[in-house]
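Read the structure below first, then the notes.
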Amino acid sequence: MTVLLDPTSERSPTTRPRLSRPESLDGLTVGILDIAKPRGDVFLHCLGERLTERGVRVKHYAKPTNTRVAPLPLRQQIAAEVNLVIEGLSD
C-alpha cells in the first residue's frame, strides 16, 4: 500500500495500492508532463525523442504553472489519451 501526500493542504493522506509497472512499453502511449519548471521542457523533449527512437508513442503536455496542480481538464485529457505518464521535476 502506498501513502500519497498532497502538498496542497491535504487534511489526511490518501492510501491507494500501487499500480504495477508495465512489462514493456510496446503498444503503449507515454505521456510526458512538463510541470513548467525552468529548462524542464528541454530535458523532457530529449526524453521524448529517445522514447520515440525506440518506437514508443509519445504525447507531450504542459502545466500552465508549477505553483499549482494541473487543471482538471488537462488531467482528464491525459488520462484519456495515454497509458502512463512521466512527469519531470527539477531544482
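Under the combined filter of DSSP loop state and at most 13 neighbouring Cβ atoms within 10 Å, the stretch 28-91 retains these trypsin sites (Lys or Arg not before Pro): 39, 54, 68.
The label-point distance for residue 77 and residue 36, in a model that sets each label 7 Å from Cα toward Cβ, rounds to 1.3 nm. Taking the stretch 29-91 on its own, what percent of its Cα-Cα pair distances exceed 13 Å? I get 59 percent for the Cα pairs in the stretch 29-91 exceeding 13 Å. Rounded to 0.05, the FRET efficiency of the residue 45 and residue 20 pair, given R0 = 30 Å and the Cβ-Cβ distance, is 0.60.
None of the figures in this text is laboratory data; all of them are computed from the coordinates on show. These numbers were taken from a predicted model, which means no experiment stands behind them. Glycine gets a Cβ as well: all are built from the backbone with ideal geometry, and neighbour counts include every protein chain shown.
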